[in-house]
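*Asks:* After the structure tokens below, expect a handful of questions from me.
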Amino acid sequence: MYKAIILPLAKEDIIEAAHYYNEKQKGLGKRFTREVRSKIEYICTNPKSVAVRYDKTRCALLDVFPFMVHFSMDEKQKMIIVSAVFHTSLNPQKWEKR
């Protein structure tokens, strides 16, 4: 099993989305955060089951919310580095600037 590191900008992505969903419906932000956490746990267990999308970056689609977890792997350290959690409608070039 791999260990996950969520970079600060990815944490901001999660917080912003959770706030947005809480404004839409009370408790929905918490549900979003739980789903992100669950997907990251899945990635840590099965990182190679997620396809490479950009160069060495893999993207895992959340099950309910239209977001993708962008991450890379460090095989030697057995680490997953989460660089972004973006809505699927955003331009992919936005995350590439990270």
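Throughout, read-outs are computed from the coordinates displayed, never taken from laboratory work. This one's a predicted model, so the numbers in the text were calculated from it and none came from an experiment. A quick note on method: Cβ atoms are made from the backbone with ideal geometry, for glycine too, and the neighbour counts reach across all protein chains shown.
*Asks:* When a footprinting reagent is the concern and you count Cβ atoms within 10 Å, what order do 85, 50, 36 take, fewest first?
*Replies:* Placing the least packed residue first, the sequence is 50, 36, 85.
*Asks:* Still on this structure, I have one more. How much mean residue ellipticity at 222 nm does the chain get from its helices, if each DSSP H run of length 4 or more adds -39500 (n - 2.57) and you divide by all residues, to the nearest 500 deg cm²/dmol?
*Replies:* Per the formula, -12500 deg cm²/dmol.
*Asks:* May I ask you to list the lysines whose Cα is less than 23 Å away from that of residue 3, ignoring any residue fewer than eight positions away on the same chain?
*Replies:* 11, 30, 39, 48, 56, 76, 78
*Asks:* Additional query: Pick out which of 83, 49, 38 has the largest mean-square fluctuation in a Gaussian network model of the chain, springs linking Cα atoms closer than 10 Å.
*Replies:* Maximum among the listed residues: 49.
*Asks:* Near residue 37, within a Cβ-to-Cβ distance under 15 Å, what is the net charge of the other residues, with Lys and Arg +1 and Asp and Glu -1?
*Replies:* Charge balance in the 15 Å sphere: +2.
*Asks:* Just subtract the alpha-carbon distance of residue 87 and residue 37 from 0.36 nm times their residue separation and send over the number in nm, one decimal.
*Replies:* 16.4 nm
*Asks:* Among the trypsin sites (Lys or Arg not before Pro) within segment 1-83, which fall in a DSSP loop and have no more than 10 other Cβ atoms within 10 Å of their own Cβ?
*Replies:* Filter output for segment 1-83: 26, 56, 76.
*Asks:* May I ask for the angle, rounded to the nearest 10°, between helix 28-45 and the longest principal axis of the chain, with both axes built from Cα atoms and the value confined to 0 to 90°?
*Replies:* Between the helix axis and the principal axis of the chain, the angle is about 10 degrees.
*Asks:* Same structure again: For residue 64, project a label point 7 Å along Cα to C-beta. Then give me every residue of segment 21-42 with its amide nitrogen under 11 Å of that point.
*Replies:* So the set is 27-36.
*Asks:* Kindly put 70, 19 in sequence by how many other C-beta atoms sit within 10 Å of each C-beta, fewest to most.
*Replies:* Arranged by neighbour count, lowest to highest, 70, 19 become 19, 70.
*Asks:* Oh, and also: Could you compute the FRET efficiency for residue 48 and residue 24, with r as their C-beta to C-beta distance and R0 at 30 Å, rounded to 0.05?
*Replies:* E between residue 48 and residue 24, to the nearest 0.05, is 0.30.
*Asks:* Also, I was wondering about something else. Can you put 13, 63 in order of Cβ neighbours within 10 angstrom, beginning with the fewest?
*Replies:* 63, 13
*Asks:* Oh, and also: Please work out the Cα convex hull volume for the chain and give it in Å³ per residue.
*Replies:* 92
*Asks:* By DSSP, what percent of the beta bridges with both residues in the chain are antiparallel, rounded to the nearest 5?
*Replies:* If I count the DSSP bridges inside the chain, around 80 percent turn out antiparallel.
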